[in-house]
Amino acid sequence: MESSKAVLGVLISGRGSNMKSIVEACESDDIPARVGIVISNRGDAPGIGWAAGHGLDTAVISHRDFESREAHDRAVVGKLRAAGVDWVCLAGYMRLLSAEFVQAFPRRILNIHPALLPAFPGLDAQQQALDYGVRVTGCTVHLVDEKLDHGPIVAQRSLKIRDDESVEGLKSRLIIEEHRCYVEALSRILEEQWDVQGRRVIFEKRISAARRPH
Ligand code: GAR
């Protein structure tokens with residue numbers, strides 16, 4: 001039933017391919033949710049045009065129009081609340097969230113990062129991985145806390161780096177894994193029982209399996 005579905009608010013800053021993949025997964029019932037609003041902090045983000053053209057509720061809330069991070073975040077949180085959002089999905093949203101924002105949706109904000117955290121947080125993660133010379137990289141979906149690319153990990157997918165890999169080649173192969181990883185993370189977090197113990201996200205199935213006698 002439509003009304004029992006979780007409402008997602010997706011925040012973007014650019015192309016929005018992860019947002020598009022989340023929208024499509026909702027529409028094909030791969031995740032029990034609907035996208036209630038897509039918000040961009042940049043008016044020129046291509047993803048916002050796609051979302052509006054797709055009939056989704058959208059908003060542009062430019063950080064440049066606010067005096068502080070907190071004031072901008074307050075406007076974004078207000079818009080998310082007005083749209084009835086239960087879960088916030090950061091999808092290429094290139095802004096650090098204030099503590100106030102994180103506390104407005106406790107354990108209900110997800111982010112995707114294009115590296116196997118805790119390796120290569122911050123900007124240009126794919127370039128960082130190539131520069132370091134790692135043979136395997138990947139992507140991470142995690143719960144958001146006050147620190148950059150830091151919260152408990154929900155899902156990861158890995159990818160072997162080719163000897164002749166370029167940063168553009170790596171980005172284009174990795175984005176496919178990102179789309180899968182975000183949908184997998186959302187479907188688990190919305191459909192399974194889970195808890196956070198220390199830094200670990202423990203899913204109910206795993207808890208029962210661990211308790212089962214050998
Ligand atoms: C994605 O690669 C995402 O992982 C990355 O920005 C890209 C957005 O692409 N996010 C970060 O680096 C956050 N630290 P998209 O707009 O096509 O989804």
message: Given the DSSP H assignment, sum -39500 (n - 2.57) over each helix run of at least 4 residues in the chain and divide by its residue total; what's the result at 222 nm in deg cm²/dmol, nearest 500?
response: -11500 deg cm²/dmol
task: With springs connecting C-alpha atoms under 10 Å apart, model the chain as a Gaussian network and identify which of ALA59, ALA129, ALA99 has the largest mean-square fluctuation.
output: ALA99
- request: List the lysines whose Cα lies under 28 Å from the Cα of LYS171, skipping any in the same chain that are fewer than 8 positions away.
  value: LYS20, LYS147, LYS160
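Could you tell me what percent of the accessible area of the chain is made up of carbon and sulfur, with a 1.4 Å probe and every protein chain present? It would help to have the intermediate numbers written out before the result.
Working: 5370 of 11110 Å².
Answer for the chain: carbon and sulfur cover 48 percent of the accessible area.
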- prompt: In the neighborhood of GLY49, defined by Cβ-to-Cβ distances under 12 Å, what is the net charge if each Lys or Arg adds +1 and each Asp or Glu adds -1?
  reply: +2
statement: Connecting every pair of Cα atoms under 10 Å apart in the chain and solving the GNM, the largest mean-square fluctuation among ILE175, ILE22, ILE31 falls on ILE175
- request: Note down the relative contact order for the chain as a percent, whole number, built from C-alpha pairs under 8 angstrom at least six residues apart.
  value: 18
task: For the chain, with a Gaussian network of springs between Cα atoms less than 10 Å apart, report the residue from GLY198, GLY16, GLY47 with the top mean-square fluctuation.
output: GLY198
- request: Scan the chain and note any complete DSSP helix (H) whose C-alpha atoms cover at least 24 Å along its axis and whose Kyte-Doolittle average is -0.5 or more.
  value: 167-191
query: Measuring from label point to label point, each 7 Å out along Cα→Cβ, what is the SER4 to ALA71 span in nm?
result: 4.5
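When ligands, DNA and RNA are left out and all protein chains stay put, how many square angstrom of accessible area per residue does the range 98-214 have with a 1.4 Å probe? Kindly include the intermediate steps, with their values, before the conclusion.
Working: 6640 Å² over 117 residues.
Heavy-atom SASA per residue in the range 98-214 reads 57 Å².
Count the net charge of all other residues whose Cβ sits under 12 Å from the Cβ of GLY138, scoring Lys and Arg as +1 and Asp and Glu as -1. Mind dumping the intermediate values first?
Values: positive: ARG135, ARG157, LYS160, ARG173, ARG180; negative: GLU177, GLU178.
Residues close to GLY138 contribute a combined charge of +3.
What does the accessible area per residue of the range 1-81 come to in Å², with a 1.4 Å probe and no ligands, DNA or RNA counted?
Details: 3900 Å² over 81 residues.
Computed with neighbouring chains in place, this is 48 Å² per residue.
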- request: Taking 7 Å along the Cα-to-C-beta vector as the label spot, tell me the ARG173-SER187 distance in nanometres, rounded to one decimal.
  value: 2.4
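The values are calculated or read from the model by the stated rules, or taken from the named source; none is laboratory data. All of these numbers come straight from a predicted model, not from anything done at the bench. Reconstructed Cβ throughout: ideal geometry from the backbone, glycine too, with neighbour counts over all protein chains shown. Accessible surface areas use protein heavy atoms only, side chains included; no ligands, DNA or RNA. Shrake-Rupley method; radii C 1.70, N 1.55, O 1.52, S 1.80 Å.
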